[in-house]
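Everything below concerns the one structure shown next.
Laboratory data are not the source of any read-out in this text; all were calculated from the coordinates shown. As the structure is a prediction and not an experimental result, all values here were calculated from the model. No Cβ is skipped: glycine too gets one built from the backbone with ideal geometry, and neighbour counts run over all protein chains shown.
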Amino acid sequence: MKPKKHKRLSYRERVIIQTLLEEKKSKSFISTKLKRSRSTIGREINKFVIDPKYDKYDAKLANWCAKEDYLNKRNLDKIETHKKLQIYVYKGLLKHWSPEQISGRIKLDYPNDLIMTISHEAIYQHIYAHRQASLNKKLIALLPYHKSSRKRANAYSKRKTRIKNQISIEQRPLHIENRKEVGHWEGDLVIGKGQKSAIGTNVERKTRYVIISKLKDRKSKTVTNEFYRDLKPLPKKLKKTMTYDNGMEMAQH
């Protein structure tokens with residue numbers, strides 16, 4: 001039988017790839033087993049296993065990344081695509097949570113679910129994509145400021161002071177991205193109702209252990225000091241890297 005052409009790998013095929021790699025099978029053996037071309041299997045494995053010393057092929061992660069790439073190419077809305085995520089976001093809005101609160105809370109409620117993750121910007125884009133539609137008008141009414149239109153995200157970012165020595169998340173090593181070792185943290189803020197209060201969260205990527213910091217304000221110096229105080233007692237081997245978002249609250253990283 002000829003190798004399949006122009007058809008994306010399925011999750012089942014990716015599980016087989018992971019299983020055979022764990023059994024030390026070659027790429028040629030895997031391509032024959034799946035009746036796929038060797039180049040297809042090679043591209044799939046090499047995309048995620050850059051350094052065999054640190055990286056292992058993960059079928060679930062590979063399938064998720066492929067699906068995200070596919071959705072992005074088709075310009076589909078993640079909230080509309082995943083019903084469970086949509087229900088969570090809508091329930092949060094009905095509780096009068098801001099998109100920032102929803103984005104922060106979902107990380108705590110679903111720390112290991114790759115589908116259940118969404119940025120506050122993606123929620124805003126979903127709400128304002130068709131702002132004249134009946135449902136979207138209702139969603140806008142649930143937002144803290146009920147504005148019928150919204151400035152483009154980059155309109156404000158151009159005026160912001162750039163974070164000094166900023167490093168893009170694209171440069172994060174794959175063994176950290178794949179959660180293969182402990183000691184790598186992600187910091188974020190969860191904003192309270194009316195933007196009047198906030199807490200800081202630091203989540204260890206592999207274990208999903210969460211440290212919550214109480215903040216008296218959202219100033220960069222305050223956030224830095226509180227994060228430092230709460231992380232300082234940890235052993236050095238558990239403090240390898242920190243990843244923050246681009247908010248100016250994190251400017252003194």
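Assorted remarks:
- Taking amide H as placed 1.01 Å from N in the peptide plane, LYS206 has its amide H under 5 Å from the amide H of GLY183, HIS184, each at least 5 places away in sequence or on another chain.
- Beta bridges per DSSP with both ends in region 173-250, % antiparallel, nearest 5: 75
- Segment PHE29-TYR145, length gained on full extension (0.36 nm per residue, minus Cα span): 35.9 nm
- The length gained by stretching the chain between SER37 and THR19 to full extension, at 0.36 nm per residue less their Cα-Cα distance, is 4.7 nm.
- For region 108-116, Karplus couplings with θ = phi - 60° (6.51, -1.76, 1.60), whole Hz, Gly/Pro x: 7, 6, 10, x, 10, 9, 5, 6, 7
- Mean-position separation - Cα centroids, region 18-45 and region 89-130, in angstrom: 37
- Local electrostatic count at TRP97 - Lys and Arg +1, Asp and Glu -1, tallied over other residues with Cβ under 11 Å: +3
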